[in-house]
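Note sheet for the following structure.
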Amino acid sequence: MRMTIVAIILLLVGACVGGVMTLAFGWNIGAASGMVVGTQAGVCLAVETARRQGVMDEAELNALVATSIAHIRAEGESVPLQTEIDWVEDAAGCTKLVEQLDQ
């Protein structure tokens, strides 16, 4: 009887620890994905600001977006959900992303 009680207690403790670990892992994945998407949005906001101020032409903006997004993707390779992120490819994609943020 005593062994059964100890086994049940250990089972409950293990389930609690496992649940906490699972939640922590899930939060880390979500936070990392959010950082990657937020960084991409920051690049797009900077590109849109440069476009509105006339600081750079379209080719320069496209080069800036391509270089910045490539760097973000390289740094964020460890993010498990990276394949589900809609990546911006050029300045026109940034315009669409900023329009979505404005809604």
Checking the structure you have, find out if any residue of region 82-94 is under 21 Å from the mean Cα position of the chain (by Cα), modelled with pLDDT under 85, in a helix (DSSP H, G or I) and not acidic (Asp, Glu). yes
Those residues of region 44-72 which are touching a Leu at 6+ places or on another chain (Cβ under 7 Å) and not hydrophobic (A, V, I, L, M, F, W, C), in sequence order: Arg51
Scan region 85-103 and report the pairs whose first residue is free of Cβ contacts under 8 Å to residues at least 40 places away in the same chain and whose second residue is surrounded by 17 or more Cβ atoms within 10 Å (Cβ to Cβ), with Cβ atoms within less than 6 Å and a gap of 6+ or a chain change. Asp90/Asn62; Asp90/Val65
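The values are calculated or read from the model by the stated rules, or taken from the named source; none is laboratory data. Treat the numbers as computed from the prediction; the structure is a model and nothing was measured. So basically every Cβ, Gly included, is an ideal-geometry build from the backbone, and we count neighbours across all protein chains shown.
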